[in-house]
Amino acid sequence: MSTPNRRPPARRAAHERGPHHHTRNAHRHARTEQRRRLHLLWLGTVVALVVLVARLTMVQVLDSSRYTAYAAGEIQQKVTLPATRGAVYDRNGQVLALSVDTKDVVADDFQIADPAREAATLSRLLGQSVSRLTQELSQKNGYVVLVKGAQAALVSRLQASSLVGISYLPDSERVSPDASLFEPLLGGLDASGSGVAGLEELENPVLSGTAGSEVVAEGPDGSALPGAPTKVVAARRGQSIVLTIDQSLQLEVTRDVEAEMQAQHAQSGIAVIESVQTGAILAMVDLVRDAKGKIVTPSSNLAVTSIYQPGSVMKLATFSYALKNGVITPNTSFVVPYSTQLGGYTFQDSEYHPTQTMTASQILDQSSNVGTIEVAARLGMTGLGQAFHALGFGQATGLNWPGESAGIVGTSTSWVGSDQGSVPIGTGIAVTPQQILDAYTAVADHGMLPTPHLVQAVVSSSASSPSQKAVAVPPARRALPSWVADELVPMLEGVVQDGTAVCAEVPGYAVAGKTGTAQVPSSTGYVPGDFNATFVGFVPAQAPKLAGIVVLNHPATIYGGSVAAPVFSQIMQYALRHFAVAPTGTATPTPQSCSTASGQ
């Protein structure tokens, strides 16, 4: 029996499942793959959402302040609020300098659609040409300064006109009612409003105050956005200062010096008046001729910044230390010829005289160069150097003035040859007028060398309750024994009573002082015909209240006794009345022509 044909079971099974078996399998696999992809997509979406939420949380919560600051920085600007500078007053409360609040008028020409139309309106208000304003407003640079330092009245008119693109920035202007009197003293400010000369520089830390600030909102084009300023720090006004200067005396001294400069065709004039007891400077005047010959105030305070060869006023050092060291008394006699030779140079007196016997007092009265050289020979150059140092020469005065000169006097070891003749009589050295005045003030105050000063008080910046605080001044130091100063006073009185300075006499008062006449040095010797004429003194002689110095450069009449002494007399007549100093009852001066008086 034959065996029937049979397919393998596997193949039969496949045949039995039918032709659609593979299709169903593929669909099932596709659905599985689709579900897997959906899961991956969902998972990716969830992860992305988690990352996004985390980032938003970081931005909005953790880093919010930083991004807020970034945003604010794009529209907020910190603006400086300048401090109003303190004022300057004279000793009687008269205003010498003050700052007036002003505004800088600025245009943003990006905001101005019709420059010509706005220029026409501005022209009427500012008094400027329409064409120039139109050109400035058409530049498209975003910042056009139309007015610097506009006063309140002008700002009000501009604001009332409702102009487009105009803003007003706070500023201030320094005003000095009597600038012609006080320029060398007050000095000036730079573009930022900081003191750069004179008292404005010296007292800048006191006067300047502290700037404030505020934060304002600005658009991308720089225009102001609505809203009040934030983070406002108010500016603190500077303190004011009260000077020792007396305005009316300053005016009188200026007039007297200017008149003598005119009369004598002098190139410059300096005068300083000082309180003997305190060292307070009551008037300080500097005048020069400009290139056109007009008498004007210089930019520098020449009384302390310029040095000059003073001449015989420096004989004070020789005589003071000769007295101190006991090598002379006021009555010590000397045989004095008309001339003498030292170091190959001839030294002589201003007027010819035969050899004569003179006391120390007479030598000083008549300002004998040869006699003074003989006194200095007894003193010695070491002693003279000590006298210069004790009286403040070669040193700053204590004013701490910007650009102040200490002078050029040398030392006893540097003086050689002819210096033994020139230095004792005030030539071959250079000092400031203020140094000379202080030395004579020391004699007036029984040997106490003052610390000169110009500021007597500081006024607080409080607008509601201002108060004054006195400025501490370094005390005077002893330069000479009181007995030496007291012996010098009558010797210096003699110079005015019957010596070279009779034209310095003041009716009703005893005056003590000294003349000086010296040729102006140059790099090649001396300038022909160019002299400095000086008188320095104090009054009343026996109870001194006021000391003063007058210096004129290149006067037509060269002598200090005939040029500077009369100015001193005029100034002191006013000052003594002004400060109510009682007369001492001395006789009026002997009539004499001061235009021909000598007085080296």
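The values are calculated or read from the model by the stated rules, or taken from the named source; none is laboratory data. All values derive from a computational prediction rather than experimental measurement. Please note: Cβ atoms are built from the backbone with ideal geometry, for glycine as well, and neighbour counts cover all protein chains shown.
Things worth noting here:
- Val409 vs. criteria surrounded by 21 or more Cβ atoms within 10 Å (Cβ to Cβ), closer than 24 Å to Ala512 by Cα, in the same structural domain as Leu323 (by TED's automatic domain parsing) and of a type in the set (A, V, I, L, M, F, W, C): no
- Residue among Asp438, Asp530, Asp486, Asp498 that is within 23 Å of Ala575 (Cα to Cα) and either at pLDDT below 95 or of a type outside the set (Gly, Ala, Ser) (or both): Asp438
- Of the residues making up the range 168-200, those that are surrounded by 19 or more Cβ atoms within 10 Å (Cβ to Cβ) and part of a helix (DSSP H, G or I) are Leu181, Phe182, Glu183, Pro184, Leu185, Leu186, Gly198, Leu199, Glu200.
- If the condition is being among the charged types (D, E, K, R) and either crowded, with 19+ Cβ neighbours inside 10 Å or free of Cβ contacts under 8 Å to residues at least 60 places away in the same chain (or both), then the range 90-146 contributes Asp90, Lys103, Asp108, Asp109, Asp114, Arg117, Glu118, Arg124, Arg132, Glu136, Lys140.
- Residue check for Gly44: within 26 Å of Pro170 (Cα to Cα), outside any strand (DSSP E or B) and modelled with pLDDT under 80: no
- Residues satisfying the stated conditions in the range 466-506, i.e. touching a strand residue (DSSP E or B) at 6+ places or on another chain (Cβ under 8 Å), among the hydroxyl-bearing types (Ser, Thr, Tyr) and over 22 Å from Ser312 (Cβ atoms): Ser467
- Within the range 81-125, considering residues that are of a type in the set (Gly, Ala, Ser) and more than 30 Å from Ile241 (Cα to Cα), the one modelled with the lowest pLDDT: Ala113
- Answer from Ile245, Ile328, Ile295, Ile241 - the residue that is aliphatic (A, V, I, L, M), under 30 Å from Gln420 (Cβ atoms) and at pLDDT 95 or above: Ile328
- With a requirement of 2 or more residues that are buried (at least 24 other Cβ atoms within 10 Å of the Cβ) and not β-branched (Val, Ile, Thr), the strands (runs of 3 or more DSSP E) lying completely within the range 431-545 that satisfy it span 512-522, 525-539.
- Scanning the range 568-579 for residues that are modelled with pLDDT of 95 or more and in a loop (DSSP other than H, G, I, E, B) turns up at least one hit.
- Residue identified as within 25 Å of the chain's Cα centre (by Cα) and free of Cβ contacts under 8 Å to residues at least 12 places away in the same chain among Asp286, Asp290, Asp246: Asp290
- For Ser405, the conditions (1) farther than 15 Å from Ile273 by Cα; (2) out of contact with any helix residue (DSSP H, G or I) (no Cβ under 8 Å at 6 or more places or on another chain) all hold with the exception of (2).
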